[in-house]
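The values are calculated or read from the model by the stated rules, or taken from the named source; none is laboratory data. Just so it is clear, the model here is predicted, and its values are computed rather than measured. So basically every Cβ, Gly included, is an ideal-geometry build from the backbone, and we count neighbours across all protein chains shown. What goes into the accessible areas is simple: the full protein's heavy atoms, side chains included, and nothing from ligands, DNA or RNA. Shrake-Rupley method; radii C 1.70, N 1.55, O 1.52, S 1.80 Å.
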Amino acid sequence: RLDAIAAGEHDDYIRSWAEGAAAYSQPLLLRPFHEMNGYWYPWSIGVNGNTAEDYVAAWRHLHDIFTEAGADNVSWVWSINTLAHFDQSIDVEAVYPGDDVVDWVAASGFNWGTSQPWSSWLSPAEVFDTTYAVLSSFEKPVMFSEVGTGGDGGDAVAWVSDAYDYFAGLEELRAVVWFDRSYNSTVDFRLSADQKRVSRAALDDPRLAPPLETVPLG
């Protein structure tokens, strides 16, 4: 439960990580309590009795401990799940912890294709458009912190190519992270050799020059 974190019940554990981060001293991106607008994590809103207020309090308490430990090398990534896949009953703006404790706003977004009973083939724009509009409203750099496509129901190589073209048109997008896992043996989101080839070629597009960081795997 998030209120246990906010109440300090896990401070010793959290502090050990904060002190480790401070000792490391190199830049770190930390993404706590991600995809809280879903239902599959114990920190999700509505799971274990968690409320939006609990979420904000837990995040801010976590941030305070890292600040006290001197871990100013940590950048804080607030990350929702894409709004494309299921009816949203969670007001994501209500779980935003505040500009003073958030450095990046982010989202996970996948094209599951026809691999799941509830899914269909979605273009990159269909996966991210609505979510990007919400993230852009916070006036923070935007990250797509988990991105991937399955191959059931369409052309996965073309999807990656289309994704880079789509990313290049998003002015607030500053980072893209490709997801490197197979999900429960039902859909493989890892970039294939052909997808990596497309990724490398896409990075020659001047629209994808820094400050947009797109680092394909391999």
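Looking at (1) open to solvent by 10 Å² or more (accessible area, probe 1.4 Å); (2) in contact with a strand residue (DSSP E or B) (Cβ under 8 Å, 6 or more places away or on another chain), which one does V157 not meet, given that it meets all the others?
(2)
Take the residues in segment 107-119 that are touching a strand residue (DSSP E or B) at 6+ places or on another chain (Cβ under 9 Å) and more than 20 Å from A202 (Cα to Cα), then tell me which one is surrounded by the most Cβ atoms within 10 Å (Cβ to Cβ).
Top of the filtered list is A107.
Considering only segment 102-218, give the helices (runs of 4 or more DSSP H) lying wholly within it that have at least 2 residues that are closer than 30 Å to A57 by Cα and within 15 Å of the chain's Cα centre (by Cα).
124-136
Taking P42 and the conditions (1) at pLDDT 95 or above; (2) open to solvent by less than 30 Å² (accessible area, probe 1.4 Å), which numbered condition does it fall short on, given that it satisfies the others?
Among (1) at pLDDT 95 or above; (2) open to solvent by less than 30 Å² (accessible area, probe 1.4 Å), the lone unmet condition for P42 is (2).
Within segment 1-45, count every residue that is over 24 Å from A175 (Cα atoms), assigned to a helix (DSSP H, G or I) and either of a type in the set (D, E, K, R) or in contact with a strand residue (DSSP E or B) (Cβ under 7 Å, 6 or more places away or on another chain) (or both).
Adding up the residues that qualify gives 5.
When you check W178 against the structure, is it touching an Asp or Glu at 6+ places or on another chain (Cβ under 9 Å), more than 23 Å from W43 (Cβ to Cβ) and aromatic (F, W, Y), yes or no?
Here the answer is yes, as W178 does meet what is asked.
May I ask you to verify whether W76 is closer than 25 Å to G20 by Cα and not in a loop (DSSP other than H, G, I, E, B)?
Considered against the rule, which asks whether it is closer than 25 Å to G20 by Cα and not in a loop (DSSP other than H, G, I, E, B), W76 comes out as yes.
Cβ-Cβ distance below 8 Å, separation of 6 or more or different chains: which pairs start in segment 28-53 with a residue that is without any contact (Cβ under 8 Å) to a residue 60 or more places away in the chain and end on one that is among the acidic types (D, E)?
If the second residue must be among the acidic types (D, E), the pairs left are Y41/E35; S44/E35; G49/D3; N50/D3; A52/D91.
Exactly one condition in (1) among the hydrophobic types (A, V, I, L, M, F, W, C); (2) over 27 Å from L83 (Cα atoms); (3) touching a helix residue (DSSP H, G or I) at 6+ places or on another chain (Cβ under 8 Å) is not met by M36; state its number.
Condition not satisfied by M36: (2).
Can you find a residue in segment 130-145 that is in contact (Cβ under 8 Å) with a residue 60 or more places away in the chain, over 25 Å from W104 (Cα atoms) and surrounded by 14 or more Cβ atoms within 10 Å (Cβ to Cβ)?
Among the residues of segment 130-145, not one is in contact (Cβ under 8 Å) with a residue 60 or more places away in the chain, over 25 Å from W104 (Cα atoms) and surrounded by 14 or more Cβ atoms within 10 Å (Cβ to Cβ), which makes the answer no.
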